[in-house]
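The values are calculated or read from the model by the stated rules, or taken from the named source; none is laboratory data. Since we're looking at a predicted model, the values are computed, not measured. Here the Cβ is made from the backbone with ideal geometry for all residues, glycine too, and neighbour counts use every protein chain on show.
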Amino acid sequence: MKARKIYNRIAILRKEKALTRKDLAGKIGVNFQTVGYLEREEYNPSLDLAFRISEVFKLPVDLIFSTEPLKPLSELIIEKYKSKLD
């Protein structure tokens, strides 16, 4: 069976936290090149690695990873804000 493409927000979240690829790699226990592969969506993380990444960013896994293209975070915030106004 062919693996599904996993989309992610790692690069955006890493930049928000002012982390280099090396910094993030050290926190999750992988080589910094692996972080690059993940960010470019050339490599799907294991479930364990996905959880380690979510722990670094203190976000649920499903806000970082998806099998569908991810909406920009600003769009999600606007949608949530609008739903509260309705």
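Some points to look at:
- The residues in the range 1-56 that are basic (Lys, Arg) and within 20 Å of Pro72 (Cα to Cα) can be counted, and the count is 6.
- Only one of Leu70, Leu38 that is surrounded by 11 or more Cβ atoms within 10 Å (Cβ to Cβ), assigned to a loop (DSSP other than H, G, I, E, B) and of a type in the set (A, V, I, L, M, F, W, C): Leu70
- Scanning the range 1-21 for residues that are at pLDDT 95 or above, part of a loop (DSSP other than H, G, I, E, B) and under 12 Å from Leu38 (Cα atoms) yields Ile6, Arg9.
- Residue list for the range 13-26, restricted to those being of a type in the set (A, V, I, L, M, F, W, C) and either surrounded by 15 or more Cβ atoms within 10 Å (Cβ to Cβ) or touching a strand residue (DSSP E or B) at 6+ places or on another chain (Cβ under 6 Å) (or both): Leu13, Leu19, Leu24, Ala25
- The residue of the range 57-86 that is farthest from the chain's Cα centre (by Cα), among those that are modelled with pLDDT under 90 and within 30 Å of Ala3 (Cβ to Cβ), is Glu79.
- Qualifying residue in the range 47-66 (condition: surrounded by 11 or more Cβ atoms within 10 Å (Cβ to Cβ), of a type in the set (A, V, I, L, M, F, W, C), within 13 Å of Asn8 (Cα to Cα) and touching a residue at least 60 places away in the same chain (Cβ under 8 Å)): no
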